[in-house]
Amino acid sequence: MQELIQQSFTWQNGLVFFGWGVVFLFVVLGFVTYAIYFERKVIGWMQLRHGPTRVGPLGLLQTVADILKLLLKEDTIPKKADRALFILAPVLVYVPSFAVLATIPYTQSLGFADLNVGLLYYAALSSISTIGVVLGGWASNNKYSLLGGMRSAAQMISYEIPLVMSVVGVIMLNGSLSLRTIVGGQGNNFWEWNFLPQIIGFVIFMIAAVSELNRTPFDLPEAESELVAGYHVEYSGFRFAFFMLAEYVYVFAISALTTVLFLGGWHPPLAVLDFIPGLLWFVLKFSFCVFFLFWLRATMPRIRVDQLMSFGWKVLLPLAILNIFLTAAYIEIFNK
Amino acid sequence: MIRTEELLLNVGPQHPSTHGVFRIVVKLDGEVITEATPVMGYLHRGTEKLAESLNYTQIIPYTDRMDYVSAMTNNYVLVHAVEKMMNIEVPERAEFLRLIVMELQRVASHLVWWGTYLLDIGAMSPFLYAFRDREIIIDLFNEISGARLTYNYMRVGGVKWDAPSGWIDKVRDFIPYMRKRMDEYDRLVSGNEIFLARIKGVGQYDADTAIAYGLSGANLRCTGVDWDLRKTEPYSLYDRFEFDVPLGQKGDCYDRYLIRLQEIHESLRILEQAVAQFPSGGDTMGKVPRVIRPPAGEVYARIESPRGEIGCYIISKGKAEPYRLKFRRPSFVNLQILPKLLVGETMTNLITILGGVDIVVGEVDC
């Protein structure tokens, strides 16, 4: 893949690129389909229910049926909505969510673009989605969605800064913004991974990441018990599906990013287990992160919007800055 | 200069957190409420007017449908008022059965509140745990009355059905089970930092305000006022049992939450004693005339329902139907403080406070 990018652009290369993109899109869509199934099963079991069991064996085709249903639904646009923005919003939410996946290295060889500013690219693109959410909330011309959209904007400012600050420590340790280099800097034993020296950063990152995903306990823009469904109240059919899709693609992205930044990427937890392929380790750690997000949803109540903001500004941000300071002191003292 | 204006937001009658068809119109400044106007009446069925053309036994099913989460206590307040009017002696076994079902009902009702309150706050799982345990109580009620929600169980002078064999043992087994579950719930929810941050200090009022607004139940006791009709005006057999009345101090949603959980424990204590003292024999119906015709006059009977003081006021002209019948519904009365509490709160706190009041819309609108 890497050589392919460096080659000069020809029609043939472009076609190969396009092919890989489509393949990857299907991988991600497959993940989303079964992440939704997995979430419903996991939460179902935690809540003494069965989850989906009816469609297909063990309910495995439930999400497929749901997507088909969404495709067949009437696509309504409210009369008083801002038509152009209403149509644009789901696209703005979805496209960045898929685009951020380009920089994530899955194994030594498997991965798309190895940008030398990979992490910055991720942070920059993922915040574009918030604009889509705000736009969707505004364009629907519905008071509940407006409130949801505004909450989303307020939330984005409060968590995005701690999120970026929390990974600065990792960048300092590895001296690079490239995600591949960051994984390379971690070793074949779990104590050589970044989450131990960067434990403060790791915790801040996890909290801010859940907030970025708009998932419980930070699902304020949706808040079904207060704002009914928040910003996507007026959306139906496949436009609604795009919002949902983006949410689960971000679950994919954040879990992958956590694995890459803090959990050693494709490295095994112990050097003796090196014979197992790196992709498997990546998938295992990645699945654990996904499970963790679903687990939170079954456990936590929702935080209040003003509490989230004061938590972001007064707790997470100072802690993140402290983490940067400590990392700098560590590097200076041990002259790494 | 940017021109800003207040946003008029209609919450309900179709809203997931208004617990039915309750509606409240709020004026928002940003997310802060400047004015709140509750609109009631979407579930009004004219129970009191209907009752004027029904005889007393026929009214009982209507009381089931008032507070459908706590039908047993509603049954009781009506039959209790009529018995008071006619001086009817209720056999001990019947009174025991009434007390046991009422306390089970209190546990079930508080469980529903607990589950839905956490659902309002955003936690999904406790709702399902609460309903699992409520289901056991519902099954017990199903066995004794043949219905799961609207029991129509009590009659003037006693109860309709005796307990089937083994029923009392099942109640006895339920008590330790429920205690164990309560500990689990405490561990899962009561210590959760996010949950505490959401409800501590929210919806606060003092004892004088509470009394001025006529609040009762946990909404009154959270301010520290020791007022539980089971203690202060013992009816049924409550004077025979030992139990405490949990009280709060601050008068916020957190105190209301703790009081309701503690009340489940106290109800279990009462049940434990009642099951131990349950008479082995005896009638379930007292001596009641074939047609119930209370003497001309008035009566007001009140009891402690899970939501507070539920009262029944009857004017009789000596006929088989009441001349006028009025229910004092705690949900309706407790709700009156809402517009005052909501001013200056956010949308999120609206849900927290409304849920903390513990309303059942069937009872608000009656």
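Things to note:
- As a calculated quantity, the FRET efficiency between B:Asp186 and B:Asp244 at R0 = 22 Å, using C-beta atoms, amounts to about 0.80.
- Tensor-based shape of the stretch A:60-102 (alpha-carbon gyration tensor, a/c under 1.5 rounded, otherwise prolate or oblate): oblate
- Where N is the number of residues in chain B, Cα Rg divided by 2.2 N^0.38 Å: 1.01
- Whole-angstrom gap from the stretch B:121-157 to the stretch A:61-78, using each part's C-alpha centre: 36 Å
- Rounded, prolate or oblate (a/c below 1.5 giving rounded, otherwise prolate when a/b exceeds b/c) for the stretch B:169-232 by Cα gyration tensor: oblate
- Distance between the modelled labels on A:Ser109 and A:Val27, one decimal in nanometres: 1.3 nm (7 Å Cα→Cβ projection).
- Estimated 222 nm signal from helices in the protein assembly as shown, with DSSP H stretches of n ≥ 4 weighted -39500 (n - 2.57), rounded to 500: -17500 deg cm²/dmol
- On Cα atoms only, tilt of A:83-99 relative to the major axis of chain A in degrees: 30 degrees
- Rounded tilt (10° steps) of A:143-174 against the dominant C-alpha axis of chain A: 10 degrees
- Whole-percent pair-distance distribution, where bins are 10 Å wide, for the alpha carbons of the stretch B:246-366: 10, 26, 29, 23, 11, 2
Here, each number is a calculation from the coordinates, and none is a lab measurement. Everything numeric in this text was worked out from a predicted model, so none of it was measured. With ideal geometry, Cβ positions are generated from the backbone for all residues, glycine too; neighbour counts draw on all protein chains shown.
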